[in-house]
Amino acid sequence: MTTWKLAARAEKMNPSAIREILKVTERPNVISLAGGLPSPKTFPVTEFAAACAEVLATDGQGALQYAASEGYAPLRQAVADMLPWDVEADQVLITTGSQQGLDLIAKVLIDPGSKVLVETPTYLGALQAFSPMEPQAVSVASDAEGVLPEDLSAKAAGARFIYLLPNFQNPTGRTMSEARRAAVSAAAQAAGLPIIEDNPYGELWFDEAPPLPLTARNPEGCIYLGSFSKVLAPGLRLGFLVAPKALYPKLLQAKQAVDLHTPIFTQRMVSTVMQGGFLERHVPKIRALYKAQRDAMVGALQREMKGLDVEFNVPKGGMFLWLRMPEGIDATALLAQAVERNVAFVPGSPFYAGEADPRTLRLSFVTATEQQIATAIAALAETVREALAHRAAALVQQQLAAAA
């Protein structure tokens, strides 16, 4: 009988809570506010059809051949040109989705037991990418603007880096203000602490663009991650990282060991689509759609959750909204009851590296229609009312039992 012995790092791997929840949403009639899936209405299918034909007609053999691990040179230059600080193309590494960038960073910078700092809460996918390298993930206290500089300074000693999403953060949707960015950047530089800045949502602002990236303030002390998934299409699996020149070779070597290179055909198509300022014309349409859907969700929450002591934010961009349920309501337990009413969300607990707040949950407002959002939020409110009624009844029973 064959016996497979797992590596210790394999024991650290866990299924994505979000991916498991998405299985539930495959049920007929379930309105999913769970997955962070961009709206398919925003995918430029016609432009990619034309780009595909052009790439194959112009240099089909080159587009179907092995290619440089660093990425397609014109695309690397296009990325460098669109960033708001001085970046050279040889600092840009094209990755197979920005998620791969997190994996490469983990392999290059984390040893078993290494301390890494994260926000409270933080992106679940980052925790998954870091986990096999067996770090000690430490939560830095955070508020509506992100990490608190004083707690960052208190916990920075010995940390390999801090991982941050300053713009429309996943899961909370919060954005770091200019003043907070300046303070966080200064605190990190004073501590000699590198910053991993993840910015997949930064172009999805609604009324005004967010402040300059943290990386623009200290390029030698940061690695910057970006993605084409949210502004073009996630099925492309195309992202990028920008790294200091001293660190870049090791990230490139890690990339070579993983997949040799990101598919060159996809890179050439994206490079072709981007020509002529396409993103400048296309992204505002995404912003307008997502803003309308955010407004629909905020309006529904204000209407349906009235009197329920449910707290929620109003994100200035991105794809997510963060809720905190009333005292005594566990969002993970609430999910099963919500699915019975044909609505799904993501409980907040998996997004915490430290002690979780079980009352929190994440809603995505970009995939469902405005009518579906209204229906789903009404169903969620009924679920909360039912849970509160059950809790009140249980407390009465406990009091009666104690008095007996």
Exactly one of Gly113, Gly97 is crowded, with 17+ Cβ neighbours inside 10 Å and either without any contact (Cβ under 8 Å) to a residue 40 or more places away in the chain or closer than 29 Å to Thr172 by Cβ (or both), and that one is Gly97
Out of curiosity, is Asp81 without any contact (Cβ under 8 Å) to a residue 24 or more places away in the chain and of a type in the set (D, E, K, R)? yes
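A quick yes/no check of all residues on (1) closer than 19 Å to Leu127 by Cβ; (2) in contact with a Ser or Thr (Cβ under 7 Å, 6 or more places away or on another chain):
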residue	(1), (2)
Gly328	no, no
Ala336	no, no
Val343	no, no
Tyr352	yes, yes
Ala356	yes, yes
Val366	no, yes
Ala374	no, no
Considering the range 337-358, residues that are of a type in the set (Gly, Ala, Ser) and part of a helix (DSSP H, G or I), and then whichever is surrounded by the most Cβ atoms within 10 Å (Cβ to Cβ), we arrive at Ala338
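Could you grab me the full set of residues in the range 267-277 that are part of a helix (DSSP H, G or I) and more than 15 Å from Ala50 (Cβ to Cβ)?
The initial filter retains those residues of the range 267-277 that are part of a helix (DSSP H, G or I), namely 267-274.
Within the range 267-277, just Gln267 meets the criteria.
Among the residues of the range 235-266, write down those that are within 13 Å of Phe48 (Cβ to Cβ) and buried (at least 16 other Cβ atoms within 10 Å of the Cβ). Steps first, answer last, please.
Step one: filter the range 235-266 for residues within 13 Å of Phe48 (Cβ to Cβ), giving 235-236, 238, 265-266.
Leu236, Leu238, Phe265, Thr266, listed by residue number.
Mind checking which residues of the range 64-83 are over 16 Å from Met274 (Cβ atoms) and either open to solvent by 80 Å² or more (accessible area, probe 1.4 Å) or assigned to a helix (DSSP H, G or I) (or both)?
From the range 64-83, those over 16 Å from Met274 (Cβ atoms) are 64-70; that's our starting set.
Within the range 64-83, Leu64, Gln65, Tyr66 meet the criteria.
Against the condition surrounded by 11 or more Cβ atoms within 10 Å (Cβ to Cβ), more than 27 Å from the chain's Cα centre (by Cα) and not hydrophobic (A, V, I, L, M, F, W, C), how does Asp90 come out, does it pass? Before the answer, list the steps.
Numbers: surrounded by 11 or more Cβ atoms within 10 Å (Cβ to Cβ): yes; more than 27 Å from the chain's Cα centre (by Cα): no; not hydrophobic (A, V, I, L, M, F, W, C): yes.
No, not satisfied.
Could you run through the range 176-218 and say how many residues are of a type in the set (A, V, I, L, M), assigned to a helix (DSSP H, G or I) and either under 18 Å from the mean Cα position of the chain (by Cα) or buried (at least 22 other Cβ atoms within 10 Å of the Cβ) (or both)? Spell out the reasoning first.
Residues of the range 176-218 that are of a type in the set (A, V, I, L, M), as a first pass: 176, 179, 182-184, 186-188, 190-191, 193, 195-196, 204, 209, 212, 214, 216.
Going one step further and asking which of them are assigned to a helix (DSSP H, G or I), we end up with 179, 182-184, 186-188, 190-191, 214, 216.
Narrowing further to those that are either under 18 Å from the mean Cα position of the chain (by Cα) or buried (at least 22 other Cβ atoms within 10 Å of the Cβ) (or both): 184, 188, 214.
Residues meeting the conditions: 3.
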Counted residues in the range 219-232 being open to solvent by 20 Å² or more (accessible area, probe 1.4 Å) and within 30 Å of Phe48 (Cα to Cα) come to 1
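Residues checked against (1) in a strand (DSSP E or B); (2) without any contact (Cβ under 8 Å) to a residue 40 or more places away in the chain; (3) of a type outside the set (Ser, Thr, Tyr):
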residue	(1), (2), (3)
Leu56	no, yes, yes
Gln61	no, yes, yes
Trp85	no, no, yes
Asp90	no, no, yes
Leu93	yes, no, yes
Ile105	no, no, yes
When restricted to Leu323, Leu301, the only residue in a helix (DSSP H, G or I) and either open to solvent by 40 Å² or more (accessible area, probe 1.4 Å) or in contact (Cβ under 8 Å) with a residue 24 or more places away in the chain (or both) is Leu301
So, first residue at pLDDT 95 or above in the range 215-232, second residue open to solvent by 10 Å² or more (accessible area, probe 1.4 Å) and among the acidic types (Asp, Glu), Cβ within less than 6 Å, six or more apart or across chains; the pairs are Val231/Glu203
Within the range 299-331, residues being farther than 21 Å from Thr367 by Cα and not basic (Lys, Arg) number 13
**Prompt:** Yes or no: Glu382 open to solvent by 40 Å² or more (accessible area, probe 1.4 Å), over 24 Å from Asn14 (Cα atoms), assigned to a helix (DSSP H, G or I) and touching a residue at least 24 places away in the same chain (Cβ under 8 Å)?
**Reply:** yes
Condition (residue is modelled with pLDDT of 95 or more, in a loop (DSSP other than H, G, I, E, B), among the polar types (S, T, N, Q) and surrounded by 14 or more Cβ atoms within 10 Å (Cβ to Cβ)) applied to the range 304-314: is it met by at least one residue?
yes
Only one of Leu334, Leu361 is assigned to a strand (DSSP E or B) and crowded, with 21+ Cβ neighbours inside 10 Å, namely Leu361
Per the filter on the range 185-218, residues touching a Ser or Thr at 6+ places or on another chain (Cβ under 8 Å) and aliphatic (A, V, I, L, M) are Ala187, Ala190, Ala191, Ile195, Leu214
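The values are calculated or read from the model by the stated rules, or taken from the named source; none is laboratory data. These figures come from a predicted structure and were not determined experimentally. We place every Cβ from the backbone using ideal geometry, glycine too, and count neighbours over all the protein chains shown. The accessibility values were calculated without ligands, DNA or RNA, using every heavy atom of the protein model including side chains. Shrake-Rupley method; radii C 1.70, N 1.55, O 1.52, S 1.80 Å.
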